Amino acid sequence: MSSHVGDVSGNAPSWVSLVRQKRSPSGSTPSFLQKNFKVVAIAESFRLDDKYSVYAGVLARRDGAVEEFAFDVATVGGVDGTDAALRILNALLRPDVAMVMLDGCVVSFYNWIDGEVLWRRGGKPVACYVFEEPEGHVEDAVKKLFPDWEARLEALRKLGPPIPYYTKTGYKIYIRAWGLDPVDAGRAAEVCMKFGKWPEPIRVAKAVASGVRRFYETFIKRGIS
């Protein structure tokens with residue numbers, strides 16, 4: 001489960017309702033997204049009463065066939081989301097990886113993952129996807145909850161507003177992208193979809209993160225460390 005942010009002022013940008021995907025005349029997929037292109041997908045799982053969030057990364061083909069997993073943890077309500085994602089990316093990145101897919105940029109109670117940092121450090125295009133309506137009134141919540149709210153809001157604003165993308169099957173998703181056009185990021189997600197609106201690599205990463213978190217909780221309850 002992830003929290004997501006739109007305009008941190010709490011109001012949707014006035015242009016959001018006007019944005020639609022613009023396909024090329026041929027509707028072609030970006031050239032770097034070949035038939036069985038590979039991605040690194042990163043997702044998280046957490047509960048608000050936990051002090052940690054489990055991050056799962058998968059190196060997978062567009063159809064969800066997984067080659068490798070990597071895991072890390074970040075603090076719920078912390079500022080270490082980007083570092084955790086970077087460690088996963090460093091563990092999984094290969095020359096044949098086409099792009100990085102993130103299940104949200106604002107995560108685990110207003111922690112965040114800076115996609116630009118991942119793009120510049122990893123050298124691969126990065127796309128952040130939001131699959132629900134972006135959360136409103138983020139600025140008010142952050143100011144109320146965190147003494148370091150000014151730095152947090154600056155980091156959230158740096159992510160930029162998510163851009164809506166409409167799939168051929170009628171789903172509406174929101175995208176932030178670094179190193180590629182948001183429309184191309186939307187096409188990449190679309191060709192990875194098999195079951196609903198989640199690209200398969202992200203769906204698998206979400207499921208694995210949730211399973212690992214529950215497994216870890218079992219060990220904590222048993223007093224095993």
| What number, in percent, do you get for the relative contact order of segment 30-221 if the mean sequence gap of Cα pairs under 8 Å and at least 6 apart is divided by its residue count? | 25
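Assigning unit charges at the beta carbon (Lys, Arg +1; Asp, Glu -1) and nothing else, what dipole magnitude in debye, to the nearest 20, does segment 29-68 show about its Cα centre? Present the calculation step by step, with values, prior to reporting the outcome.
Values: 6 positive and 6 negative charges, 45 e Å.
Using only the charged Cβ atoms, the result is roughly 220 debye.
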| said: If packing is taken as the average number of other Cβ atoms within 10 Å across a peptide's residues, how do 199-205, 123-129 rank, most packed first? | reply: 199-205, 123-129
| query | Given 0.36 nm per residue, what is the gain on full extension from LYS194 to HIS137 after removing their alpha carbon distance, in nm? | reply | 17.2 nm
| request: At 0.36 nm per residue, minus the direct Cα-Cα distance, what do LEU145 and ARG121 gain on full extension? Give it in nm, one decimal, please. | output: 5.6 nm
| field | Hydrodynamic radius of segment 30-221 per Kirkwood, over alpha carbon pairs, in Å | value | 16.7
| said: Roughly how far apart, in whole Å, are the Cα centres of segment 140-199 and segment 65-113? | reply: 15
| query | In debye, nearest 20: dipole of segment 30-221 around its Cα centre with unit charges on the Cβ of K, R (+) and D, E (-)? | reply | 520
| Given segment 30-221, what percent of its DSSP beta bridges are antiparallel, to the nearest 5? | 75
| note | The Rg/Rh figure for segment 56-141, Cα atoms and Kirkwood Rh, to two decimals is 0.98
| said: Which GluC sites (Glu not before Pro) in segment 108-140 sit in a loop by DSSP (not H, G, I, E or B) and have at most 13 other Cβ atoms within 10 Å of their own Cβ? | reply: GLU132
| task | Would you mind getting me the FRET efficiency between GLU154 and PHE215? Use the beta-carbon distance for r and R0 = 41 Å, nearest 0.05. | result | 0.70
| Most positive-pole-ward Cα, ALA189, VAL204, TYR216, against dipole of segment 180-224 from beta carbon charges | TYR216
| request: At most 14 other Cβ atoms within 10 Å and a DSSP loop assignment: could you name the chymotrypsin sites (Phe, Trp or Tyr not before Pro) in segment 171-225 that fit? | output: PHE195
| message | Please compute the contact order of segment 128-225 in relative form: average sequence separation of alpha-carbon pairs under 8 Å and at least six residues apart, divided by the residue count, as a percent. | response | 21
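Each value in this text was obtained by applying a stated rule to the coordinates, not by laboratory testing. Keep in mind the model is a prediction, meaning the values are calculated, not measured. Positions of Cβ are backbone-derived with ideal geometry, glycine not excepted, and every protein chain shown enters the neighbour counts.
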